[in-house]
Structure formats: structure tokens, C-alpha cells
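The structure appears below as C-alpha cells.
The values are calculated or read from the model by the stated rules, or taken from the named source; none is laboratory data. Computed from a prediction, not measured in an experiment: that's the story for all the values here. Here the Cβ positions follow ideal geometry from the backbone for every residue, glycine too, while neighbour counts run over all protein chains shown. We work out accessible area using only protein heavy atoms, side chains counted, and drop any ligands, DNA or RNA first. Shrake-Rupley method; radii C 1.70, N 1.55, O 1.52, S 1.80 Å.
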Amino acid sequence: MDALFAIESCLNLAFAGTGWTIESSSIVKKRTIKKTNTSSWDILQQAIKTYRCEIKLDSINKTVTIKDKIGEDKGVYFTDSLNVVSLNADSNTNEFYTKMIALGKTTKTTAEDGTEIESTLEVVVENYQYSNKVKTIIWKDERYTDEASLLEDATYKLDEISKPYMSYSVQVYDLANMNLIYKDILSYDIGDTITLISNSRHFKDKQRIVSIDKYPDEPERNSCELGNVNKTFEQVQKEQEEVNSTVNNI
């Protein structure tokens with residue numbers, strides 16, 4: 001049976017000899033990671049997916065902070081009537097799934113009469129938060145041997161892809177760095193959740209900041225990439241291909 005490890009134990013082993021350490025971690029779940037002929041960075045990227053967590057790197061002190069979610073919701077808003085200079089949106093309203101058939105490890109047993117029986121760990125989850133239409137996706141990961149862990153992660157993954165992916169490219173006036181009046185109400189950082197309001201397009205949406213381009217001397221040029229971080233089907237399939245490649249190389 002595959003051993004289950006906390007993410008700290010996994011990464012401490014991966015970071016051995018590199019000088020990097022885990023500063024803190026709030027993740028308590030245990031999972032299994034299998035990698036061959038790989039680097040510490042690749043293991044870290046796999047751990048982020050496997051343990052469903054987010055990280056913050058301190059390259060100066062060579063430390064990693066691990067949390068369920070980086071950033072916070074401080075009530076900051078981006079609106080075209082105040083601090084939004086330009087806004088570009090990207091979405092795919094057809095790319096979502098409401099039912100997931102999750103498959104874990106396949107095992108073989110031999111009956112008393114010599115017949116070989118093959119069985120696969122399987123759970124089915126559904127999520128109709130966006131639509132009542134049944135759209136099914138199959139997700140297979142041979143690393144799962146425990147039904148409870150497979151059910152937990154399948155439920156989480158389906159929640160990510162059961163509504164369309166939305167992303168925005170926004171140029172904003174960084175008013176928090178331009179005027180002390182706005183410092184406490186409009187300051188933002190990577191990972192933060194903000195409220196995006198467009199009066200011209202008549203919509204209001206909660207989004208997370210996934211990347212930031214900052215110009216310290218020209219804060220009016222700052223820009224952000226926003227996304228609801230729901231994974232597209234292609235991203236899920238890419239993860240599956242990586243898992244298959246890892247399993248096949250063991």
C-alpha cells in the first residue's frame with residue numbers, strides 16, 4: 001500500500017540539500033506523491049496540485065509558506081468609476097461539468113476457482129451550482145487507494161469546474177500607493193479576493209488576483225490578472241496526462 005505523508009514531510013525530503021525550508025504550513029491532510037528523475041521544483045509543483053494548497057516563496061531567506069489559500073478578502077473593489085483604466089474579459093460559458101466519475105487504483109485478485117477479478121476504486125460526485133444540465137467528466141488517478149480521500153478530492157475538483165471559467169486583464173490606478181486616503185481601503189496583493197464592478201458593462205463579480213505587474217514609480221501603470229481560478233477541462237486533462245506519465249515511469 002502506498003504511504004501517506006503530510007506535505008511538510010514530503011517537501012522536507014524533496015528540499016534536502018537545497019537550503020530551502022518550510023517556514024509554516026496549515027495543511028493537515030495526507031497524500032501520496034510519486035516522482036522519478038525529477039527536481040525539487042517539480043515535486044513542489046506536484047505537491048501544490050496533490051494537496052490542493054497555495055504557496056508563498058521567500059527567495060531571499062529560501063523559505064516556503066504553505067496555506068490552503070494565499071491572500072485575503074479585505075473588501076477591496078476595482079471599478080471603472082474610480083480606479084479601473086481598462087478591462088478585458090475572457091470566458092467560456094460552455095466549458096463546465098456537473099458530474100464526475102472519479103477512478104482510483106485498479107487491483108487484481110484471484111478467486112478460489114482461479115478466475116482473475118479486476119476492480120477499480122470508484123466514486124461519483126455531482127455539483128449543480130451553475131446548471132442543472134448533466135455534463136459528465138471522468139477523472140482517473142491511480143495513486144488513490146482510499147475511498148474517503150478520493151471522494152474528498154473529487155468533490156473539490158468538481159467544484160472547481162462546475163461553473164465556467166472567467167478571467168480578466170485589468171489596468172488599475174494603484175490609488176493606495178498614490179494617495180494615503182485610499183491606503184487602508186484599496187491596497188491589494190497577490191492572491192487577494194476583490195470585487196470587480198463595471199458600470200459600463202453592468203456586472204459585478206468576485207475575482208482573485210492571480211498576477212500583478214507593478215511600477216513603483218508609476219503606480220498608475222499597474223495592472224493585474226484576475227481569475228475565478230476555476231480550472232478548464234483542458235487543465236484537468238493536462239493534470240491527468242502528467243499523472244499517467246508519472247505512473248508509467250514508476
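Listed values, structure above:
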read-out	value
All positions within segment 156-200 that are in a loop (DSSP other than H, G, I, E, B), more than 24 Å from the chain's Cα centre (by Cα) and of a type in the set (S, T, N, Q)	N179, N199, S200
Test: residue in segment 155-166 that is over 19 Å from C53 (Cβ atoms), free of Cβ contacts under 8 Å to residues at least 40 places away in the same chain and charged (D, E, K, R)	no
Residues (surrounded by fewer than 17 Cβ atoms within 10 Å (Cβ to Cβ) and either in a loop (DSSP other than H, G, I, E, B) or more than 18 Å from the chain's Cα centre (by Cα) (or both)) located in segment 36-51	T36, N37, T38, S39, S40
Top-ranked residue in segment 148-172 [being crowded, with 21+ Cβ neighbours inside 10 Å and of a type in the set (A, V, I, L, M); ranked as nearest to K105 (Cα to Cα)]	L150
Those residues of segment 86-107 which are open to solvent by 50 Å² or more (accessible area, probe 1.4 Å), β-branched (V, I, T) and in a strand (DSSP E or B), in sequence order	T107
Pair list, Cβ < 9 Å and 6+ apart or interchain, from segment 187-216 residues that are farther than 13 Å from T79 by Cα and among the polar types (S, T, N, Q) to residues that are open to solvent by 50 Å² or more (accessible area, probe 1.4 Å) and part of a strand (DSSP E or B)	T193/K206; S211/E225
Some residue of segment 37-59 being modelled with pLDDT under 85, more than 22 Å from S167 (Cβ to Cβ) and acidic (D, E)	yes
Selection from segment 108-128 of residues that are open to solvent by less than 40 Å² (accessible area, probe 1.4 Å) and either assigned to a loop (DSSP other than H, G, I, E, B) or closer than 17 Å to I33 by Cα (or both)	A111, N127
Number of positions in segment 56-74 that are touching a helix residue (DSSP H, G or I) at 6+ places or on another chain (Cβ under 7 Å) and open to solvent by 40 Å² or more (accessible area, probe 1.4 Å)	0
Any hit, segment 129-138, residues being surrounded by 13 or more Cβ atoms within 10 Å (Cβ to Cβ) and β-branched (V, I, T)	yes
